[in-house]
Amino acid sequence: MVAHARADHPDEACGIIAGPEGSDRPLRHVPMINAERSPTFYRFDSGEQLRLWRAMEAADEAPVVIYHSHTATEAYPSRTDVSFASEPDAHYVLISTRDPEAHELRSYRIVDGVVTEEPVDVVPSYPYAQNPN
Ligand SMILES: [Zn+2]
C-alpha cells in the first residue's frame, strides 16, 4: 500500500485488500485506478470497481481493507471520504505521503458518518492463510 501510494504521488493512490468473507483477514492486495488522477481526491474507476466487487462476490471475498493516500495532508479521512464510505465492515486505511522520508499509515472504521480510529498491527504474513483449518 505504501509503495503504491509513493508510486502514484503526487496524485492520490487507492485500492483494496480483499480477504475471505467474514474472516477479517486482508490477503489479496489490489491496487486500483484513481479515476480522478487528482492530488486532493480519489474515486474508484466505476467499471473497475464493478468488476472487482463481482469477482470478490464470486470468490466469497470481501474488501477487508479499503485504502487511499493523502499527498499533502494527514492520514485522516476527509469529509468527502466519510460521505463516500459505504462498507461498514471494512478497515479504511489512510496513508499520508506528504513527508518524503516517513509515511503515516492509520486505520479507521467509518460507520454512519462516524469515524473511529483503530490500532494497526503490521505482520509479515498470515501463516495460517494457506490452511484455514
Ligand atoms: Zn481522502
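Scanning the range 80-98 for residues that are part of a loop (DSSP other than H, G, I, E, B), open to solvent by less than 70 Å² (accessible area, probe 1.4 Å) and small (Gly, Ala, Ser) turns up ALA85, ALA90.
Taking the conditions exactly as written (surrounded by fewer than 13 Cβ atoms within 10 Å (Cβ to Cβ), within 14 Å of the ligand (Cβ to nearest atom), modelled with pLDDT of 95 or more and of a type in the set (A, V, I, L, M, F, W, C)), does ALA72 satisfy them or not? Judged against the criteria, ALA72 is a match. Residues in the range 18-48 that are within 19 Å of LEU94 (Cα to Cα) and of a type in the set (S, T, N, Q): 3 in all. With respect to VAL123, determine if the residue is farther than 20 Å from ALA5 by Cα, of a type in the set (Val, Ile, Thr) and more than 10 Å from the ligand (Cβ to nearest atom). No. Annotation: of all residues in the range 10-31 being more than 17 Å from LEU105 (Cα to Cα) and in contact with a helix residue (DSSP H, G or I) (Cβ under 6 Å, 6 or more places away or on another chain), the one that is nearest to the ligand (Cβ to nearest atom) is ALA18. As a summary of the residue check, TYR67 satisfies the conditions (1) closer than 19 Å to VAL122 by Cα; (2) open to solvent by less than 20 Å² (accessible area, probe 1.4 Å); (3) without any contact (Cβ under 8 Å) to a residue 60 or more places away in the chain; (4) within 16 Å of the ligand (Cβ to nearest atom) except for the one numbered (3). Annotation note: Cβ proximity below 9 Å between a residue of the range 23-47 that is of a type in the set (A, V, I, L, M, F, W, C) and a residue that is open to solvent by 80 Å² or more (accessible area, probe 1.4 Å) and part of a loop (DSSP other than H, G, I, E, B) (sequence gap 6+ or interchain) occurs for ALA35/ARG43.
For the range 44-75, the set of residues classified as part of a loop (DSSP other than H, G, I, E, B) and farther than 27 Å from SER23 by Cβ consists of THR71, ALA72, THR73, GLU74, listed by residue number. Within the option set GLU61, GLU101, GLU57, being more than 10 Å from the ligand (Cβ to nearest atom) and open to solvent by less than 70 Å² (accessible area, probe 1.4 Å) holds for one residue only, GLU61. Does the range 106-120 hold any residues that are within 18 Å of ARG79 (Cα to Cα) and part of a strand (DSSP E or B), and which are they? Listed by number, the residues that qualify are ARG106, SER107, TYR108, ARG109, ILE110, VAL111, VAL114, VAL115, THR116, GLU117.
The values are calculated or read from the model by the stated rules, or taken from the named source; none is laboratory data. The structure presented is a predicted model; accordingly, all values stated were derived computationally and were not measured. Virtual Cβ from ideal backbone geometry, glycine too; neighbours counted across all protein chains shown. Side chains included, ligands, DNA and RNA excluded: accessible areas come from the protein's heavy atoms. Shrake-Rupley method; radii C 1.70, N 1.55, O 1.52, S 1.80 Å.
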